[in-house]
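The values are calculated or read from the model by the stated rules, or taken from the named source; none is laboratory data. Just so it is clear, the structure is predicted and the values come from calculations on it, not from any experiment. Positions of Cβ are generated from backbone atoms using ideal geometry, with glycine treated the same way; all protein chains shown enter the neighbour counts. To get the accessible areas, we keep the full protein, side chains included, count just its heavy atoms, and leave off ligands, DNA and RNA. Shrake-Rupley method; radii C 1.70, N 1.55, O 1.52, S 1.80 Å.
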Amino acid sequence: METIQTMPGKPFPLGATPGPDGVNFSVFSRNGTKVILSLYRNSEDNDPYAVIDFDPKLNRTGDIWHVFVPGIRAGALYTYQVDGPFEPSEGHRFNVKQLLFDPYAKAITPVSVFHNLPPTYRTPVDKTDIELAESRHLYQFPKSVVVDDRDFDWGGDKPLNVPLDKAVIYEVHAKGFTAGKNSGVNNPGTYDGFIQKIPYLKHLGITSVELLPVFEFDEYENTNENPRTGERMKNYWGYSTIAFFAPKASYSSDKTPGGCVREFKRLVKELHSAGIELILDVVFNHTAEGNEHGIALNFRGFDNSIYYDLVPSHKEYYMNYSGCGNTVNTNHPVTIQFILDCLRYWVTEYHIDGFRFDLASILNRKGDGSLLKISPLVEAIAEDPLLHNTKMIAEPWDAGGAYQLGEFPGTRWAEWNDRFRDDIRKFWRGDEHVSTGAATRISGSSDLFGFRKPWVGINYVTCHDGFTMNDLVSYNAKHNEENGEENRDGTDSNWSYNHGYEGPTKNPSIERMRNKQMRNYILTLMISQGTPMLLGGDEFRRGQQGNNNAYCQDNDISWFDWGICSLNEKLVNFTKRAIELRKRHSVFRRREFFLGSKAESGPDIQWYNPDGSNPDWNELSRFLAFTLSGRDSLNDDGNPDSDFYIAANTDRSDILVTLPTLPQDKLWYRVADTSIDADDALVLDDQIEQLRAQGRYVIPASSLIILMAK
């Protein structure tokens with residue numbers, strides 16, 4: 001064991017900060033009585049080459065423990081141990097034998113904590129059990145890595161910050177995008193592999209990639225087994241963070257300590273070069289440390305009573321509004337500072353354009369679990385000067401019963417709109433008397449966001465959680481048998497329809513109907529007011545074998561098969577044109593809600609029955625038709641947009657509609673008719689076709705048409 005000379009160091013910044021002469025280490029622990037820093041030469045080493053005991057007189061300022069170690073640099077590996085009271089009933093779970101990550105670690109070595117736990121491991125639950133805790137010598141523990149963020153040439157790159165009213169979001173898994181069959185990339189399943197697919201994303205026309213969690217997590221925490229194969233399931237989605245400042249190392253083709261940092265930054269830079277911004281799905285509501293039977297990884301070992309919401313009368317137990325065992329005490333000042341530091345770091349050092357907050361209603365809870373009208377954390381994020389241009393998107397509910405859609409505090413936040421998902425699914429499935437709900441969603445959900453702006457609502461038909469769009473039109477029920485939970489997991493409220501056969505089929509009539517329904521969903525999404533989010537792979541019918549909760553399927557069920565993309569090139573082209581239609585015409589992405597007949601210069605939106613009369617919303621069913629006035633919507637060239645007539649027939653029979661009368665100098669041209677099973681199902685401005693009959697149009701069953709006045 002080497003003896004290393006140290007200096008007192010500085011309390012800020014927290015984490016490991018390299019300089020020209022060494023590294024400053026700084027961590028928070030209010031109730032800890034002793035902090036130990038261990039240094040390692042190699043990722044595989046169980047024993048450190050040096051151990052540094054912090055002297056409370058020299059190495060502590062307030063609640064911050066700090067030390068400067070000369071002579072080491074970026075790439076150095078380290079762990080912590082913290083001593084203090086082990087009194088679970090008081091919320092304290094210190095265990096000096098347990099190795100810990102630095103909560104501010106900027107990279108973690110790619111070793112699984114859970115996969116390497118010895119079979120005899122168990123978490124101490126009382127004072128007599130504390131001596132049974134495993135020591136560092138019994139299993140390999142991942143190390144934190146010292147990272148120098150100056151070691152990357154951004155070449156003038158900055159966050160793009162595309163305005164939400166112009167954004168088209170593509171939600172996708174960083175690994176699954178290229179890990180599957182026929183990806184045609186080097187290093188599949190990595191950030192580098194993702195970079196090689198950027199031309200496809202640019203061709204598709206999306207503006208914003210939203211990645212499922214890439215903050216370091218451990219996929220081996222899932223202990224379920226696939227009942228068919230006997231294989232151990234994984235945490236594929238990654239909603240269980242262990243290191244909030246660190247990109248997931250196993251997604252990097254560069255396996256050197258800290259190599260994931262450089263590779264992920266390169267991904268961001270290349271996306272920006274292609275004009276595509278990056279949004280990260282972040283999980284601040286809970287951590288991977290679990291409940292009272294979980295494992296200490298960082299927060300629990302540094303100061304459990306500060307970082308977590310504990311049951312007030314029995315502090316050995318955790319509040320569980322996340323459904324994952326614990327709830328982060330997000331509105332404690334120390335935690336607020338941690339989360340702000342994290343968000344600022346990803347914006348300043350990774351040039352991230354936005355964040356989607358998982359189970360964001362937890363951010364509005366106090367330590368006792370009650371909901372705050374004004375959350376200190378949510379307000380701090382909204383008003384932070386470094387984050388002012390950064391997108392903030394809330395999933396406005398949690399697993400504890402809070403549902404804040406349309407009511408998420410503050411005007412700064414956009415919100416996932418699951419009402420759009422449900423109402424549009426029901427409408428296109430052909431349910432009766434849901435036209436009013438669909439009309440409200442297509443026109444921007446003013447019932448939810450009317451006091452803000454239409455783009456606040458993030459519209460989606462499908463997302464990672466639930467059926468893919470292919471499965472939405474191919475299954476009547478979920479098929480999660482291979483998740484190892486006897487098909488009990490995942491929602492039963494799917495509003496899906498298999499069109500006559502459960503699962504894949506070679507029946508051409510069923511396949512034509514499924515393709516048409518997907519065109520209906522995609523086009524409805526792109527012409528609706530609000531911000532559209534497309535689930536990655538929906539544009540080429542990626543399926544998950546009917547699994548609507550594939551969180552544990554790190555395999556072909558979840559991965560993209562790029563051969564399917566080639567087979568469904570017509571749908572890819574349709575999606576590309578639908579995105580381009582939205583981009584070209586500002587009338588589909590208004591910054592203000594419709595005023596209807598109250599608009600000063602005439603209705604900006606007007607609704608119709610099939611015969612052209614005004615609809616009785618109490619009677620209208622399986623049909624919607626409306627005109628959009630482009631008069632007040634300026635396109636990018638500064639000129640007013642065109643007028644459009646849009647009609648949807650979700651009935652099983654064709655409908656003859658009477659078209660609105662146009663001024664004498666204008667005619668109706670067909671832009672889209674989803675009943676057409678060919679490339680001209682949707683055409684753009686220079687290819688639109690003049691209608692022969694200007695007064696009427698037959699809309700086939702389960703079809704959507706768009707006409708433009710010209």
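I'd like the projected area of segment 157-313, averaged over all directions, using the convex hull of its alpha carbons. Report it in nm² with one decimal.
Working: hull surface 51.4 nm².
With every direction weighted equally, the projected area is 12.9 nm².
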Straight-line reach check, K143, cutoff 15 Å on alpha carbons, 8 or more apart in-chain or any other chain, hits among aspartates and glutamates -> E44, D45, D47, D102, E216, D218
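Given a Förster radius of 22 Å and the C-beta distance between L340 and K373 as r, what FRET efficiency does 1/(1 + (r/R0)^6) yield to the nearest 0.05?
Details: r = 21 Å, r/R0 = 0.94.
With R0 = 22 Å, the Cβ-Cβ based efficiency is 0.60.
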For the chain, with every protein chain kept in place, what is the accessible area per residue (1.4 Å probe, Å²)?
38
Per 5 Å bin, what percent of the C-alpha pairs of segment 1-90 does each bin hold, from zero upward?
3, 14, 25, 25, 17, 11, 4, 2, 0, 0
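For the chain, what is the mean residue ellipticity at 222 nm derived from helices alone (per DSSP H run of n ≥ 4: -39500 (n - 2.57); sum divided by total residues; nearest 500 deg cm²/dmol)? Spell out each step's value before the answer.
Details: 15 runs with 141 residues, N = 710.
Taking each H run of at least 4 residues, the total per residue is -5500 deg cm²/dmol.
Given segment 532-672, what whole percent of its Cα pairs are spread farther than 17 Å? Walk me through the intermediate numbers first.
Details: 7131 of 9870 pairs.
Within segment 532-672, distances greater than 17 Å cover 72 percent of Cα pairs.
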For a bin width of 10 Å, list the pair-distance distribution of segment 243-383 built from all Cα-Cα distances, rounded to whole %.
11, 37, 32, 17, 3, 0
Taking 0.36 nm per intervening residue step and subtracting the Cα-Cα distance, what contour gain separates E569 from E432 on full extension?
46.0 nm
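Give me Rg over Rh for the chain, both radii from the alpha carbons and Rh done the Kirkwood way, two decimal places. Walk me through the numbers on the way to the answer.
Working: Rg = 27.3 Å, Rh = 27.1 Å.
Here the Rg-to-Rh quotient is 1.01.
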Mind grabbing the accessible area of W607 for me, 1.4 Å probe, Å², rounded to tens?
50
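Translational D (Stokes-Einstein, µm²/s) of segment 404-539 at 20 °C and 1.002 mPa s when Rh comes from the Kirkwood sum over C-alpha pairs? Before the final figure, lay out the partial values.
Working: Rh = 15.8 Å.
Taking Rh from Cα pairs, D becomes 135 µm²/s.
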Along principal axes, Cα extents of segment 626-710, largest first, whole Å
41, 27, 22
What does the convex hull of the Cα atoms come to per residue for segment 298-380, in Å³?
105
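For the chain, what's the relative contact order in percent, using C-alpha pairs closer than 8 Å and at least 6 residues apart? Walk me through the intermediate numbers first.
Details: 1672 pairs, mean separation 74.9, N = 710.
Taking the mean separation of contacting Cα pairs over the length of the chain, I get 11 percent.
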Roughly how many Å² of H388 are accessible to a 1.4 Å probe, to the nearest 10?
120
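What does the charge count around S305 come to, taking other residues whose C-beta lies under 9 Å from its C-beta (Lys +1, Arg +1, Asp -1, Glu -1)? Before the final figure, lay out the partial values.
Values: positive: R30, R93, K315; negative: E90, D303.
Here the count lands on +1.
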